[in-house]
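S.K.: First the structure, which I've put down as structure tokens, then a few questions once you've had a look.
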Amino acid sequence: MRFPKEFIDELRNQADIVRVIGDYVTLKKKGQNYWACCPFHGEKSPSFSVSPAKGFFKCFGCGKAGTVFQFVMEIEGSNFPEAVKTIAEKCGVALPVMANDDDAKYAEERDKQRDELRQLNIWATEFFESNLESGEGQIALDYLAKRGISDDSRRQFRLGYAPNSWDALSGFLQKRGASKFQIERSGLVSLKDSGSGFYDKFRGRLMFPILDAQGKIVAFGGRILGEGEPKYLNSPETVLYTKGQHLFGLNYSRDAIRRQGFVILVEGYLDFLIPYQHGVRNLVASLGTALTDNQVRLLGRYARKIIVNFDPDSAGVNATKRSLELLLTEGFKVNVLTLPDNLDPDEFIRERGVEGYGKALKNSQSFMDYIVEQAIRSHDQASPAGKVETLNEILPYLKLVKDRVEMTEQVERIADRLKLDSKVVREEFRRAVETRADRVSETAVAAQMAVKPAEKTLLAALLNHANVRRRMMRQLTEADFKQLRTAPIWKLLFDFEQQGFEPSYAAFSEQIYDAALVNDLLPELLIEVEEKAEEAYQREAEESLLSLRSSRLAEQQAVLQTEINQAQRAGNAEQVNELLLLKFELAKQERAIMNQMRNSFS
């Protein structure tokens with residue numbers, strides 16, 4: 001459903017963000033803002049702040065930030081329309097009647113289909129559950145007992161059995177009132193080759209309901225219990241279910257993941273169920289498919305640390321490597337757990353207990369140790385060619401390490417493991433990076449455009465005090481900010497000032513597409529940890545502006561000096577003189593600013 005922008009803006013203004021967030025966490029007022037321990041990651045000291053005046057939240061621990069809509073989406077794992085409905089309900093605001101146009105009709109029809117399919121999935125779950133208790137279902141009960149699934153667990157996760165029949169489920173659904181058209185698009189049946197009629201998709205299988213993060217049944221997975229292929233069969237895509245967008249068990253484990261601050265990623269249904277049954281609650285399963293971008297982003301709502309515990313066979317190793325690329329690209333801190341004796345998680349816990357599994361988790365490898373170990377095993381370390389192949393296998397993952405200190409440490413450890421000179425490894429890494437010029441360019445630009453302390457101080461003063469902003473805007477020019485990292489914020493500030501708008505987090509976040517500015521810098525600037533008088537803000541603003549101008553002039557002089565050196569080497573005396581004059585003029589301007597700073601703030 002697509003709501004009108006006017007309604008969204010009005011709801012954002014009406015919603016009491018403190019009351020909405022206060023339904024989920026205990027907030028304590030400190031100054032103008034409210035503080036709490038972050039609900040999105042485990043912490044002992046409050047770093048989660050809510051600014052009612054500016055209408056946003058920010059956690060200075062995990063970095064999450066946004067408006068009341070983003071908070072509800074994160075905490076509930078819902079999409080934007082669902083968050084709008086939740087907030088409207090909490091605030092007693094009626095949802096708008098959608099316009100009678102094609103988009104509205106399409107949205108209404110899609111919502112209707114989703115509601116119908118949710119009901120069919122509920123009926124199907126009840127059908128599968130009842131068949132598990134039947135005579136034919138004994139084969140599934142025996143299998144669950146053999147795998148160590150308790151009666152309580154099978155009931156909690158609503159496991160069931162699909163009888164080995166072509167029409168048992170579809171006949172049951174029709175008796176409950178479902179039309180043939182509804183059943184055809186449910187994903188629970190397959191169409192006959194003749195194009196007329198259908199038959200049950202799941203037959204003779206142990207059934208696992210697949211739930212979304214809110215606990216609603218969106219699809220099913222079935223394991224064959226007799227002869228036949230495939231071993232596991234999942235629902236096709238429907239209006240409720242898109243492959244690669246859900247994680248098995250997340251609705252049960254999301255609170256534990258937030259509390260413990262990390263998540264364990266396993267592959268299959270039983271790899272989730274057995275650990276969960278034994279008290280390991282902060283885990284999810286990837287539904288037996290390769291991890292996707294959407295699943296990684298979904299995980300990122302709940303934790304930024306992850307332990308990948310896939311099966312140790314060749315397929316599991318390949319799946320682990322693919323997962324590492326996605327997780328590292330998205331900035332996760334990743335470890336890998338490889339269980340001994342080729343055991344998967346449910347086998348390990350049944351054989352060695354949950355305490356043994358806990359110890360194994362504590363001894364999990366860093367992702368780089370895992371990659372190095374796998375690479376060493378795959379190539380002959382007695383030959384130079386084998387070492388080169390090993391290094392080539394490692395380097396793509398090494399390039400994903402963003403922290404320079406960690407990078408240096410990893411290079412030394414890799415060199416030690418491969419018995420190579422660390423200078424060789426560093427050189428190979430440098431060459432590998434140079435083959436990706438865009439990555440080098442991004443790094444260089446980021447380094448050159450780091451946000452200066454004076455830049456932050458000046459912006460904080462302007463954002464938090466209207467009188468200071470109005471006075472300072474009359475002094476500022478485009479030259480003062482166009483080369484700054486925060487130029488998008490400055491440009492909007494000028495636009496808002498000309499239009500008479502009061503700057504807000506929501507207004508900036510709608511028009512700035514730089515995630516680092518919106519999620520990290522803006523909340524830091526807007527939340528006043530230390531409240532100050534107008535005079536203090538004015539003084540800091542004027543001093544910071546002069547500092548920025550002085551810094552800009554110094555940078556311009558450095559550029560000119562490089563050009564002077566080049567002209568001198570080329571023997572171009574005339575150009576050298578011209579450049580020296582320009583540099584002298586810039587130095588003169590810089591001295592004037594420095595004198596002004598000393599006179600004004602001494």
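S.K.: Please state which one of 64, 54 is of a type in the set (D, E, K, R), buried (at least 17 other Cβ atoms within 10 Å of the Cβ) and in contact with a Lys or Arg (Cβ under 8 Å, 6 or more places away or on another chain).
M.R.: 64
S.K.: Another question about this same structure. Would you be able to tell me the number of residues in the stretch 507-516 that are at pLDDT 80 or above and outside any loop (DSSP other than H, G, I, E, B)?
M.R.: The number of residues fulfilling the criteria is 5.
S.K.: Then there is this: Pick out the one residue from 552, 539 that is under 17 Å from residue 481 (Cα atoms) and out of contact with any helix residue (DSSP H, G or I) (no Cβ under 6 Å at 6 or more places or on another chain).
M.R.: Unique residue meeting the criteria: 552.
S.K.: Please report, ordered by residue number, the strands (runs of 3 or more DSSP E) entirely within the stretch 1-53 with at least 1 residues that are under 25 Å from the mean Cα position of the chain (by Cα) and of a type in the set (S, T, N, Q).
M.R.: 48-51
S.K.: Counting just the residues of the stretch 289-311 that are surrounded by fewer than 17 Cβ atoms within 10 Å (Cβ to Cβ) and not basic (Lys, Arg), which one comes out farthest from residue 156 (Cα to Cα)?
M.R.: Taking the candidates together, the pick is 293.
S.K.: Taking only the stretch 473-506 into account, find how many residues are assigned to a helix (DSSP H, G or I) and surrounded by 13 or more Cβ atoms within 10 Å (Cβ to Cβ).
M.R.: 16
S.K.: Would you call residue 339 touching a residue at least 40 places away in the same chain (Cβ under 8 Å) and either under 23 Å from residue 260 (Cα atoms) or within 23 Å of the chain's Cα centre (by Cα) (or both)?
M.R.: no
S.K.: Please determine, by comparing only the residues of the stretch 526-542 that are surrounded by 19 or more Cβ atoms within 10 Å (Cβ to Cβ) and under 14 Å from residue 467 (Cα atoms), which one is modelled with the lowest pLDDT.
M.R.: Here the residue is 537.
S.K.: Among the residues that make up the stretch 189-201, is at least one of them touching a residue at least 24 places away in the same chain (Cβ under 8 Å), at negative phi, crowded, with 17+ Cβ neighbours inside 10 Å and among the β-branched types (Val, Ile, Thr)?
M.R.: no
S.K.: A further question follows. Give the residues of the stretch 365-419 that are in a helix (DSSP H, G or I), under 20 Å from residue 322 (Cβ atoms) and of a type in the set (D, E, K, R), sorted by residue number.
M.R.: Passing the criteria: 369, 373, 377, 389, 393.
S.K.: Do we find a residue being within 14 Å of residue 86 (Cα to Cα) and at pLDDT 90 or above anywhere in the stretch 10-17?
M.R.: Within the stretch 10-17, one or more residues are within 14 Å of residue 86 (Cα to Cα) and at pLDDT 90 or above.
S.K.: Give 247, 283, 270, 287 a once-over and let me know the one that is modelled with pLDDT of 90 or more and in contact with a Phe, Trp or Tyr (Cβ under 7 Å, 6 or more places away or on another chain).
M.R.: Being modelled with pLDDT of 90 or more and in contact with a Phe, Trp or Tyr (Cβ under 7 Å, 6 or more places away or on another chain) holds for just one of 247, 283, 270, 287, which is 283.
The values are calculated or read from the model by the stated rules, or taken from the named source; none is laboratory data. All figures in this text were calculated on a predicted structure; none of them were measured in a lab. In this analysis, Cβ positions are derived from the backbone assuming ideal geometry, glycine residues included, and neighbour counts consider all displayed protein chains.
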